[in-house]
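Asks: Here's a structure for you.
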Amino acid sequence: MRTYASLTMQIVTTALIILKREDIHKQTCSRTKWLDAYDYVVVGSGSAGAAVAYRLTEDPNVMVLLLEAGGPQSVITDIPENYINNLNTEYDWGYKNVRNPEVGVAFTGGQIPQNRGKVLGGSSTLNAVIFNRGNRKDYDNWALQYGAKGWSYKEVLPYFMRFENNTDPRVVAESPGYHSTEGPVQIKSWHLPEPIIHHHQRALHELGHKDTDINGPQQVGTCIMQAFQRTDGMRSSTANSYLDPNPHPHNLHILTYAHATKILLGALKGLSAEAVEFQKDGKLHRVKARREIIVSAGSINTPQLLMLSGIGPKKHLKDLRIPVKVDLPVGEFLKDHPSLSLPTLVKDERLVHPSAELNVRQMHQFFSNGSGPLTEFFHSITYLSTKYNDDKEFPNVAFEIIVQRFPESLETPVVNDYEDRQKWNKYWEPFLGNYYLFLQPILKRVRSYGTVRLVSANPFDYPLIDPKFLADPKDYQDFFEITRYVLEFIEKSSFSKHVVPLKPIPGCSFCRLKAIHNCDTYIKCLIKQVTRTGYHPVGTARMGAIDRDDVVVDPKLRVKGVARLRVCDSSIMPELINGNTNAASIMIGEKCADLVKQDHRGGDSHRERGRGIRDRDFDKEYDKDFKSHTKLEDHDEKPLNGRGIRYNDMYPDDEYSGPGVVNPKAQRYANDRTKLGRGISDKEFDPRTELGDRYVDPKAVMGRGIKDNTFIPEEEYTGKKDLNGDGYDKPPPYNNDDKKVKPLLKNRYTG
């Protein structure tokens, strides 16, 4: 009876926690209405998109719309150990690479799965939570080889640290200057690794591999990796860390199930990004961006969206009858990490912790106090170099080990991806219900370039993804060598006594008189059959110096030839880093936010004459060193007072509230009933209290008692009291019959 009561209490407690958590997820994504225009529109809420949207809305005067094609997170995605069961579900785009007859032929249709997050937080909500920045030389290479000024490791490290909240004091103390405890994204160590992991690490030590903090000063060596995980066990996705619950609901509007289909470009005085077209609830919508559109849709969806908008390779777009706006190498230079998995059974299950399962007991442990098997997801990584690598401090290969328990059924993502299910079912049968290891050789420094191409002009057709794995002969040599090394480790190291000997995979055979690691034909067959992605595609909207022909964005992430358009995600990486890409993508989001703020600097100290209008909101070239950025254009039908400034460029915090204004709400923030995109409701103004005799009629613009054509840009004098702080003191050419007054339509930039 006591056991039954205890179980009932666990069920009730867990259910209440889950319902509360699920409600938080849904509330973050509950918006059904949005404004016609925002200061910034961010497309994609993934690793970079969530970060840049959050940072931009730290300024309460800025309105941001964040568009996400997928839906909210769930309690299922919160559990790191459950990540593999979220693949090929509603949270996953479910992409596949194009068929390559040289690699991955064992998979269904010969197509390697390319899982990408379609959910708030993007792939940070779907991945294996590994915290790995890559090598410092990756970023130095961006700066030196590609002219990506501002992107050396010394310059990006502060942005890595800005988001990091490392909860392991030992790691922070042992690598001073490389970690932070102040950021929004929690990073956690697994403190009780399974005994099998200890045996694995001991065997590596015997072979000369030293322990290291791969995110510290020295990458070469081995370690049990830290994770994007909170102290309560939950996944530290960018959605959980930056958006959920929404920290800035008044000026950060989040729309889920909003699939961006096109960026609308204007060309009045040079090409300029004006609005985003997106589909939601089966209908097409448009939303304007007053300042910029920031595309953060990832290395697959970003090039797709750009090309659908007419930005991409001229010939490819013409072949699909898409009007070419800018000829740029969008979708070129795709790189990804090739990998493969060598599964081996554990001999003694006492060396493994109890497996993670979605049962009442474990879910109660996880959700009530952040403990139990569902919080544990141990990864070990070892960085090393092949004989072909000329820089031993910049490793070109690695291998990882993951401990798992095979399900009781063969209906699992591990098996479902294969073409010949009958043969692969037979291969996996001994694993049913047992503990096993995935040992994974990975090529970390990739030479081969692939592409992302459109199938058609239909935004809902999946693009063609072709990473061209191992096309470069040197890539093949390096991958062959690391695969041989891992096989030798399994066969000859002290670790071999803890695992069951390997058996050949379907379609391949061992050599009769040779050890597996010396059987070249088996290794070649292994590579051909089961090479797959490391899930780190990059480079499809490459960054570099503005004068390079092989880049899409400049070092400030601005798309060449198009004003008011940036890309902010892993697609901008000039070269693939030798680590996982989640941390680097968040860094890109953090840095992008600063770049945007710099280009629109003056948010507080540079307001024009107290009117709440920033210097850079006037018509002028705001960055002469960026040749393709022309003057910002005002395409509204009724520009305010002929000054080339839209109604929506006013900022409510800076509205005049000096002597004579009795309405204290002149400085309050927006609500859903805002008028003219300014966050100020007409009803919250009392025009009868305006200074002087300027009140005209209830239709006065913006509730200020002043019609469009009664402002004289040169002389904004409003009587005895100077309304706008201009300092002018001569009477205005004012007439109560505003129809008789012709305004002086002048562009008054005063920066």
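Asks: With ARG548, ARG512 as the choices, which residue is within 27 Å of the chain's Cα centre (by Cα) and surrounded by fewer than 18 Cβ atoms within 10 Å (Cβ to Cβ)?
Replies: After ruling out the rest, the residue left standing is ARG548.
Asks: Could you please let me know if LYS503 is surrounded by fewer than 20 Cβ atoms within 10 Å (Cβ to Cβ) and either β-branched (Val, Ile, Thr) or part of a helix (DSSP H, G or I) (or both)?
Replies: When the stated conditions are applied, LYS503 does not pass them.
Asks: What is the number of the single condition among (1) surrounded by fewer than 24 Cβ atoms within 10 Å (Cβ to Cβ); (2) under 17 Å from HIS25 (Cβ atoms); (3) at pLDDT 95 or above that THR77 does not meet?
Replies: (1)
Here's the yes/no breakdown for (1) of a type in the set (Lys, Arg); (2) under 30 Å from PRO473 (Cβ atoms); (3) modelled with pLDDT under 95; (4) not assigned by TED's automatic domain parsing to the domain that holds VAL105:
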{"residue": "GLY298", "(1), (2), (3), (4)": "no, yes, no, no"}
{"residue": "LEU342", "(1), (2), (3), (4)": "no, yes, no, no"}
{"residue": "ARG350", "(1), (2), (3), (4)": "yes, no, yes, no"}
{"residue": "ALA356", "(1), (2), (3), (4)": "no, no, yes, no"}
{"residue": "HIS364", "(1), (2), (3), (4)": "no, no, yes, no"}
{"residue": "GLY370", "(1), (2), (3), (4)": "no, no, yes, no"}
{"residue": "ASP391", "(1), (2), (3), (4)": "no, yes, no, no"}
{"residue": "ASN396", "(1), (2), (3), (4)": "no, yes, no, no"}
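Asks: For region 268-303: of the residues being in contact with a helix residue (DSSP H, G or I) (Cβ under 9 Å, 6 or more places away or on another chain) and assigned to a loop (DSSP other than H, G, I, E, B), which is nearest to ASP599 (Cα to Cα)?
Replies: SER296
Asks: So, one more: Would you check if LEU487 is surrounded by 15 or more Cβ atoms within 10 Å (Cβ to Cβ), free of Cβ contacts under 8 Å to residues at least 40 places away in the same chain and either assigned by TED's automatic domain parsing to the domain that holds PRO313 or out of contact with any Lys or Arg (no Cβ under 9 Å at 6 or more places or on another chain) (or both)?
Replies: no
Asks: Every residue in region 195-212 that is touching a strand residue (DSSP E or B) at 6+ places or on another chain (Cβ under 7 Å) and either crowded, with 18+ Cβ neighbours inside 10 Å or polar (S, T, N, Q) (or both), please.
Replies: Selection gives ILE196, ILE197, HIS200, GLN201, LEU204, THR212.
Asks: Another question about this same structure. Hey, among the residues in region 225-256 that are among the hydrophobic types (A, V, I, L, M, F, W, C) and not in a strand (DSSP E or B), which one's nearest to THR181 (Cα to Cα)?
Replies: Among them, the one singled out is PHE228.
Asks: Across region 341-388, which residue is nearest to ASN578 (Cα to Cα) among those that are part of a helix (DSSP H, G or I) and among the basic types (Lys, Arg)?
Replies: Across region 341-388, the extreme among qualifying residues is ARG350.
Asks: Check every one of the helices (runs of 4 or more DSSP H) wholly within region 69-184 and list those with 1 or more residues that are more than 25 Å from GLN598 (Cα to Cα) and not hydrophobic (A, V, I, L, M, F, W, C).
Replies: 75-78, 136-146, 169-174
Asks: Could you tell me whether LEU265 is among the aliphatic types (A, V, I, L, M) and more than 28 Å from GLU332 (Cα to Cα)?
Replies: The answer is no for LEU265.
Asks: Scan region 43-62 and give yes if some residue there is among the aliphatic types (A, V, I, L, M), outside any helix (DSSP H, G or I) and surrounded by fewer than 24 Cβ atoms within 10 Å (Cβ to Cβ), otherwise no.
Replies: Scanning region 43-62 turns up at least one residue that is among the aliphatic types (A, V, I, L, M), outside any helix (DSSP H, G or I) and surrounded by fewer than 24 Cβ atoms within 10 Å (Cβ to Cβ).
Asks: Being crowded, with 24+ Cβ neighbours inside 10 Å and without any contact (Cβ under 8 Å) to a residue 40 or more places away in the chain, is that true of even one residue in region 535-543?
Replies: No: region 535-543 contains no residue that is crowded, with 24+ Cβ neighbours inside 10 Å and without any contact (Cβ under 8 Å) to a residue 40 or more places away in the chain.
The values are calculated or read from the model by the stated rules, or taken from the named source; none is laboratory data. Everything quoted here is computed from the prediction, not taken from an experiment. Because the Cβ atoms are built from the backbone with ideal geometry, glycine has one as well, and the counts that use them run over all protein chains shown.
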